[in-house]
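Step one of this worksheet: look at the structure below.
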Amino acid sequence: MKVFITKKIPETGMKMLEEAGMDIILPESQDLTRYEWLEYCRDADAVLNVGSRFRYDRAFFERCPDIQAIALYSVGFDHVDVWEASRRNIPVGNTPDVLSRATSDVAFLLMQSVARRASYNFEKVRAGNWTDFDPMHALGQELYGKTLGIFGLGRIGFEMALKAQRAFDMKIVYHNRHRNEKSEKLLDAQYVSFDELLEVSDVLSVHASFSPDHRGIFNRSVFERMKPGAIFINTARGGFHQQEDLYEALVSGQIWGAGLDVTDPEPMLPDDPLLQHSRVCILPHIGSATREARNGMARIAALNIIAYSQGEIMPYCVNPEIYSRR
C-alpha cells in the first residue's frame, strides 16, 4: 500500500511503516503548494497527514478518489470533513492520549508565565533594561486558591486541572457539552453553565475539541463578562477566540492577561499588537513538542495505517461507525 506522509515523522513511526511493508512517499519539499499536495495524494492509497494547513474536504475527496484511509498526526481533526469521509467509507485516525500531558504542561506554563509577566520581564533583561528595584513596577499575581475554569474537560483539560489543583490548590470549575462525572469525583470539580464559567474563573483555559460552531466563541461580549483580573489561556485552536477582541479586552482592562499556544491566523502575523502587550505570552503551537509526545504520535499514526492495511479497524479511529457498514 502506498502511503503519502506529508512531512517526515519521528523514526519510531517511519520504521514501523517500513517494517510493515508500506510503500512510503515523502515530499521533496516541506512547504508544499496545494497543487503539489494534491498531486502526491492522487498517487497514494492512504495519507499520513502532519499539520492542518490543507483541508480534507469534499473537494479533496473528489480530486483524490483513490484515497482509502487518512491517519492524522494530531488529536484535532477539524481540518477533515469527517462526515464526507464517512460517507465514502474512509476511516480517519487521530492520536489521542499520548500528548495530553505535554499539551497541559504548556497550558500550565502559560498560566504561570502570564501571571508573573515572564515574557515582558525576559525581554527587559535581554534588552539591557534590568533597572534598580521598583516595588510597584510590572507586578504579577499569585494563583494560590484561585478558581481555574476549564472549557472542555477532556483528557488535556483534566491534566491541566490536576496540575493547577496540586500546585496551587486551585478550585476547579468546568463547562462541557456533557458532564464529566468521573473527573468531577477525581478533581472535586464543579460543572457550571458557560455564563457562570465566565463569571467565576480567575483563569479560563480552553481545551475543547474545535468545531465550526465554536469559531470566535470567545469574543468581545464574552470577554466583557469575565473578571477584570482574569487570565485567558488557549492551547486548543486559535479559532476559539477573536484575536482583535482579545487585544481590546486586554487594553480596556476587561481581562488582565492572556497566554496562547494557538493563534488565528497561524502562524501569527509579526505586527499583531498582542505581541507587544506586557501581560501576554505567546508560543508557536508547541503543545506536543516533546520527544516523548511526538514519538508517541508517530507510533499511533503508524498503528492506524498498519491496522487499515491489514484489514483491521484503526485502533484510534474517529469515525468507527463506517466499519459496521462494510
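A search for C-beta distances below 7 Å between a residue of segment 261-280 that is closer than 12 Å to Leu250 by Cα and any residue that is part of a loop (DSSP other than H, G, I, E, B), counting only pairs 6+ apart in sequence or on different chains, returns Ser278/Arg117; Ser278/Ala138; Arg279/Arg117; Arg279/Trp256. Residue selection: Phe77 fails the criterion of being buried (at least 17 other Cβ atoms within 10 Å of the Cβ), modelled with pLDDT of 95 or more and of a type in the set (Phe, Trp, Tyr).
Of all residues in segment 215-227, none are under 23 Å from Tyr144 (Cβ atoms), of a type in the set (Val, Ile, Thr) and either surrounded by fewer than 22 Cβ atoms within 10 Å (Cβ to Cβ) or not assigned by TED's automatic domain parsing to the domain that holds Ala138 (or both). Among the residues examined, Thr33 qualifies as among the β-branched types (Val, Ile, Thr), assigned by TED's automatic domain parsing to the domain that holds Asp78, modelled with pLDDT under 95 and over 12 Å from Ile67 (Cβ atoms).
Tally the residues that are under 15 Å from Ile300 (Cα atoms) and either in contact (Cβ under 8 Å) with a residue 40 or more places away in the chain or buried (at least 18 other Cβ atoms within 10 Å of the Cβ) (or both), restricting the search to segment 12-45. Final tally of qualifying residues: 6.
Taken over segment 248-275, the criterion of being surrounded by 14 or more Cβ atoms within 10 Å (Cβ to Cβ), assigned to a loop (DSSP other than H, G, I, E, B) and within 20 Å of the chain's Cα centre (by Cα) is satisfied by Asp261, Val262, Thr263, Asp264, Glu266, Met268. Taking segment 200-221 as the range and being of a type outside the set (Ser, Thr, Tyr) and under 20 Å from Met160 (Cβ atoms) as the test, the residues that pass are Val200, Asp202, Val203, Leu204, Val206, His207, Ala208, Phe210, His214, Ile217, Phe218. What about Val206, is it under 25 Å from Gly76 (Cα atoms), surrounded by 14 or more Cβ atoms within 10 Å (Cβ to Cβ) and touching a residue at least 24 places away in the same chain (Cβ under 8 Å)? When the stated conditions are applied, Val206 passes them.
The values are calculated or read from the model by the stated rules, or taken from the named source; none is laboratory data. A quick note: this is a predicted structure, and the numbers were derived from the prediction, not measured. In this analysis, Cβ positions are derived from the backbone assuming ideal geometry, glycine residues included, and neighbour counts consider all displayed protein chains.
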